[in-house]
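Since the structure comes first, as structure tokens, the remarks are kept for the end.
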Amino acid sequence: MLKAKFFESHGVKRVLLCCAFLLIISGNVLAKDKKIYQGELFLITLPPQWYHASNEPELKNGVMHIMPPNLDEFVPKGETVDNWTQMLSREVFKGLKGIDPEWYLMEMNRKITEEECPGQVRRLTASGVKNGYAEAFAQADCPLGEITLYKAVQGRDSFYVVWRSYRVPPFPKGRPPPISPKLIYDGFKYLEEHVKLCDLRIAGSCPPEVEDHPERY
């Protein structure tokens, strides 16, 4: 039953903390007196000169396509959601619990993306528990010309996925993709170090600059 919920729509409340942090709130628990948010925060530190691009309409085959409210996309300055070399995307499945991040990346997400890229090669690169949350990482190589690095995290309140995509020249199925190993290493390092889930209900879980920020009120 939980797996079937991926086909349902999930909303998310978003708050922009500052130019350094994209802060995503996955719940709506408020204290009675000060109305202080007390739930999970999904923190993404954007690379320098990147911006939130998915608030712009996307054209697919000449048709305007509006991103659903639980999906955001970010690209380097000078690029768009229609014309990009690198893209960072995040999706929040609000209220979804009990999902194995490995299963999601290797089964559910794989089946979805194979519809757009038949012949892709996908492999799990790491999994474990960090900051009390189960998480997993995977890489998908699409011979049509796209390499995607994934991070999935099961929170206490919701399920979270972030992926970083790179456009490359098309390559033969079964052959190594034409991308620098250092770029792959740096991409996974970014997902590991700059994409974090924390919980304001747990002391010390979130960075001090986030716990004390006035946007919580």
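Inside the stretch 155-170, can you point out the residues that are assigned to a strand (DSSP E or B) and not basic (Lys, Arg)?
If we filter the stretch 155-170 for residues that are assigned to a strand (DSSP E or B), which is where we start, we get 159-167.
Residues satisfying the conditions are Phe159, Tyr160, Val161, Val162, Trp163, Ser165, Tyr166.
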Which one of Leu88, Leu124 is in a strand (DSSP E or B) and without any contact (Cβ under 8 Å) to a residue 40 or more places away in the chain? Leu124
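Those residues that are in a loop (DSSP other than H, G, I, E, B) and at pLDDT 90 or above, I need them from the stretch 69-79; list them, please.
Step one: filter the stretch 69-79 for residues in a loop (DSSP other than H, G, I, E, B), giving 69-70, 77-79.
Scanning the stretch 69-79 gives Lys77, Gly78, Glu79.
Only residues that are assigned to a strand (DSSP E or B) and of a type in the set (A, V, I, L, M): list them for the stretch 134-154, please.
The initial filter retains those residues of the stretch 134-154 that are assigned to a strand (DSSP E or B), namely 134-142, 146-154.
Ala134, Ala136, Ala138, Ala140, Ile147, Leu149, Ala152, Val153, listed by residue number.
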Close pairs (6 angstrom Cβ cut-off, 6 or more residues apart or separate chains): within 11 Å of Ala136 (Cβ to Cβ) in the stretch 153-164, assigned to a strand (DSSP E or B) anywhere: Val153/Tyr133; Val153/Glu135; Val153/Tyr160; Val153/Leu197; Gln154/Ala134; Val161/Glu91; Val161/Ala152
For the stretch 111-143, which positions are surrounded by fewer than 16 Cβ atoms within 10 Å (Cβ to Cβ), charged (D, E, K, R) and farther than 19 Å from Pro176 by Cα? Lys111, Glu115, Glu116, Lys130
Per the filter on the stretch 37-64, residues at pLDDT 90 or above and at positive phi are Gln49
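Let's see how each residue does on (1) under 20 Å from Phe74 (Cβ atoms); (2) of a type in the set (Phe, Trp, Tyr); (3) at pLDDT 95 or above:
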residue	(1), (2), (3)
Glu115	no, no, no
Ala140	yes, no, no
Lys151	yes, no, yes
Pro172	no, no, no
Asp186	yes, no, yes
Tyr190	yes, yes, yes
Asp199	no, no, no
Pro208	no, no, no
When you check Ile99 against the structure, is it in contact with a helix residue (DSSP H, G or I) (Cβ under 9 Å, 6 or more places away or on another chain), assigned to a loop (DSSP other than H, G, I, E, B) and aliphatic (A, V, I, L, M), yes or no? yes
Residues within the stretch 96-110 that are surrounded by 15 or more Cβ atoms within 10 Å (Cβ to Cβ), modelled with pLDDT of 90 or more and of a type outside the set (A, V, I, L, M, F, W, C), tallied: 4
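Is it the case, given these coordinates, that Val81 is buried (at least 19 other Cβ atoms within 10 Å of the Cβ) and in contact (Cβ under 8 Å) with a residue 12 or more places away in the chain? Walk me through it before giving the result.
Values: buried (at least 19 other Cβ atoms within 10 Å of the Cβ): yes; in contact (Cβ under 8 Å) with a residue 12 or more places away in the chain: yes.
So Val81 fits the description; yes.
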Those residues that are touching a residue at least 60 places away in the same chain (Cβ under 8 Å) and among the aromatic types (Phe, Trp, Tyr), I need them from the stretch 131-152; list them, please. Tyr133
Taking the stretch 102-121 only, how many residues are part of a helix (DSSP H, G or I) and at positive phi? 0
For the stretch 171-199, what are the residues that are surrounded by fewer than 16 Cβ atoms within 10 Å (Cβ to Cβ) and not in a helix (DSSP H, G or I)? Pro172, Lys173, Gly174, Arg175, Pro176, Pro178, Ser180
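The values are calculated or read from the model by the stated rules, or taken from the named source; none is laboratory data. Just so it is clear, the model here is predicted, and its values are computed rather than measured. Glycine gets a Cβ as well: all are built from the backbone with ideal geometry, and neighbour counts include every protein chain shown.
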